[in-house]
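Data first, discussion second: the structure below is written as structure tokens.
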Amino acid sequence: GTSPSDIDGCWTGSVTILPGGKPVIIYTGGDKDQHQAQNIAFPKNRSDPYLREWIKAANNPVLRPDEPGMNSIEFRDPTTGWIGPDGLWRMAVGGELNGYSAALLYKSEDFLNWTKVDHPLYSHNGSNMWECPDFFAVLPGNNAGLDLSAAIPQGAKHALKMSVDSVDKYMIGVYDLQRDAFVPDNVVDDRRLWLRIDYGTFYASKSFFDSNKNRRIIWGWSRETDSPSDDLEKGWAGLHTIPRTIWLADNGKQLLQWPVEEIESLRTNEISHQGIELNKGDLFEIKEVDAFQADVEIGFELASIDDADPFDPSWLLDPEKHCGEAGASVPGGIGPFGLVILASDNMDEHTEVYFRVYKSQEKYMVLMCSDLRRSSLRPDLEKPAYGGFFEFDLEKERKISLRTLIDRSAVENFGGGGRVCITSRVYPAVLADVGRAHIYAFNNGSATVRVPQLSAWTMKKAQVNVEKGWSAI
């Protein structure tokens, strides 16, 4: 930063398109006392298709945390603005108000002069500061996106996403226009049970409405989980995940995510198998694919579900703990079955992505794990076993799907059609030493699992034109 209001750094912000197609950035800056405030910038040259240069507004900062009860060092990450029925712009900012975490609500006529609404968009007692809030409209069972400034269609819900406890969580509810407030469908006090965008190394995500393809796209930041000295050696740390389309499931209860379709343009050398039977202990190698840059789609069909072990609801409080206790080598009734990826020749390094199926009272619960505990022989790495649960209807679905994107150290997994997503960072020594690894489908459960279809591709590198700042995918 170069101004007093952002001299300590320019942090997360959002772009909003004003009438006439004029973009504006609103972002958080820190002053020399680490107090946070919101600042605005406009493009220097709107005819530049890449909008590479921006000019800060003369009246920055446009928002200070000087209202009673506000914490001046916990006030950041403004959302994209939206227009309400009264024609005024609205925007939410992450903050702390009277000790509560909150998505603070502001109004403006011109996007330059803002007034705090006397109540937050939503707040919650007992959680940390909400970073990077995001607020958007969704229609149940319709994977088209919605523009938040347009009239809200009948039956639409709203999602409020917050970054808290080192992960991205969200609530589904309605936006009450009369009260100008978000009302969750279910208020869950224990935030360990709040829904998550991703159950792995994924944080500070941001979504936007893509009007060209009528979809909402989200991506997040995946931090490194190797050592700081590794970061210095690499010369970089942290990356953006693959952009995902995000929408609301048919039941209106949870968000679904899937890699944007443009990623499929990077696929090459398709490998396909049909009708594989995986009995207990089977390993099926997926050959002729670059194991370090791959896209794998696989469906697991359950002939019978009678052998499912009973589900314990307390597992929902800590699915990672359960993934760690019931690793992929521990046989269950149905599962574990899934993929072994980034595996060395002798399997002393490997990462497991797998499912276990449990019988709950009226339904089945599927645990999805991404177990990194044997992912690398290198010391000083974080190697957790990530996990998340989703409901499964055997009668309707028959099949549990898994899509895995591997891009060197980044692994993104989408289970059950995008009901549970797990991003992992994996640093096997075999990547640097041998440059060769293996991918297998496996089953360690007592029940046979059938794979009607398995497709895998080597992924080309995206053509990114750094000079001009655009990507060809």
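The values are calculated or read from the model by the stated rules, or taken from the named source; none is laboratory data. For clarity, every value in this text was computed on a predicted model and none was experimentally measured. Virtual Cβ from ideal backbone geometry, glycine too; neighbours counted across all protein chains shown. All accessible areas refer to the heavy atoms of the entire protein, side chains included, with ligands and DNA or RNA removed. Shrake-Rupley method; radii C 1.70, N 1.55, O 1.52, S 1.80 Å.
The residue list Gln36, Ala308, Ala429 was ranked by how far each Cα lies along the charge dipole of the chain toward its positive end, using unit charges on Cβ atoms, and Gln36 comes out on top. The DSSP beta bridges internal to the chain are antiparallel in roughly 100% of cases. Computed packing ranks the peptides 287-294, 100-107, 234-241, 389-396 as 100-107, 287-294, 389-396, 234-241, most packed first, by mean other Cβ atoms within 10 Å. Each residue of the stretch 285-302 is assigned a 3J(HN,Hα), and the resulting list reads 7, 9, 8, 6, 10, 5, 5, 9, 9, 9, 10, 10, 10, 9, x, 10, 9, 9 Hz, derived from the Karplus form 6.51 cos²θ - 1.76 cosθ + 1.60 (θ = phi - 60°), x at Gly and Pro. Cross-link partners for Lys169 among the lysines, with Cα-Cα distance under 23 Å and sequence neighbours closer than 8 places in the same chain left out: Lys157, Lys161, Lys206, Lys253, Lys321, Lys383. Taking a Cβ cut-off of under 12 Å around Glu270, the surrounding Lys, Arg, Asp and Glu residues balance to a net charge of -3, with basic ones at +1 and acidic ones at -1.
Just want to confirm a number: the relative contact order over the chain, from Cα pairs under 8 angstrom separated by 6+ residues, in percent. Relative CO of the chain lands at 13 percent. Heavy-atom accessible surface of the stretch 268-459, averaged per residue, reaches 39 Å², computed with a 1.4 Å probe. To the nearest 10 Å², what's Ile55's accessible area with a 1.4 Å probe? Per-residue accessible area (Ile55): approximately 90 Å².
For Rg and Dmax of the Cα atoms in Å, computed directly from the structure shown, the correct entry in (i) 26.2, 87; (ii) 23.2, 68; (iii) 26.1, 81 is (ii).
With K and R counted +1 and D and E -1, the other residues having a Cβ less than 14 Å from that of Thr2 yield a net charge of -2.
When you restrict to C-alpha pairs under 8 Å that are six or more residues apart and normalise by the size of the stretch 9-259, the relative contact order lands at 12 percent.
Rounded to the nearest Hz, the phi-derived 3J(HN,Hα) couplings of the stretch 377-384 under the Karplus curve 6.51 cos²θ - 1.76 cosθ + 1.60 (θ = phi - 60°) are 7, 6, x, 6, 10, 7, 9, x, where x marks glycine and proline. Give me the net charge of Ser47's neighbourhood, meaning all other residues with Cβ under 13 Å from the Cβ of Ser47; Lys, Arg count +1, Asp, Glu -1. Residues near Ser47 contribute +2 overall. Close amide H contacts of Gly238 (hydrogens built in the peptide plane, cut-off under 5 Å, sequence separation of 5 or more or a different chain): Glu224. Relative to the current alpha-carbon distance between Ile83 and Leu394, full extension at 0.36 nm per residue lengthens the span by 107.7 nm. Near Ile439, the amide H atoms lying under 5 Å from its own belong to Ile286; only residues 5 or more places off or on other chains count, and H is placed 1.01 Å from N. Computed about the Cα centre, the dipole magnitude for the chain is approximately 940 debye when only Lys and Arg (+1) and Asp and Glu (-1) carry charge, each at its Cβ. Surface composition of the chain: carbon and sulfur make up 48 percent of the accessible area, probe 1.4 Å. Taking all protein chains into account, the per residue accessible area for the stretch 9-259 stands at 45 Å² (1.4 Å probe). Rounded to the nearest 500, the 222 nm mean residue ellipticity of the chain from helices alone is -1000 deg cm²/dmol, with -39,500 (n - 2.57) taken per DSSP H run of at least 4 residues.
Placing a pseudo-label 7 Å from each Cα along the Cα-to-Cβ vector at Gln361 and Asp110 gives an inter-label distance of 5.8 nm. Across the stretch 394-410, computed HN-Hα scalar couplings (Karplus, 6.51 cos²θ - 1.76 cosθ + 1.60, θ = phi - 60°) run 4, 4, 7, 9, 6, 10, 10, 9, 9, 10, 10, 10, 10, 9, 6, 7, 9 Hz from first to last residue, x flagging Gly and Pro. A cysteine counts as unpartnered when no other cysteine's C-beta lies under 4.7 Å of its own; in the chain this applies to Cys10, Cys132, Cys421.
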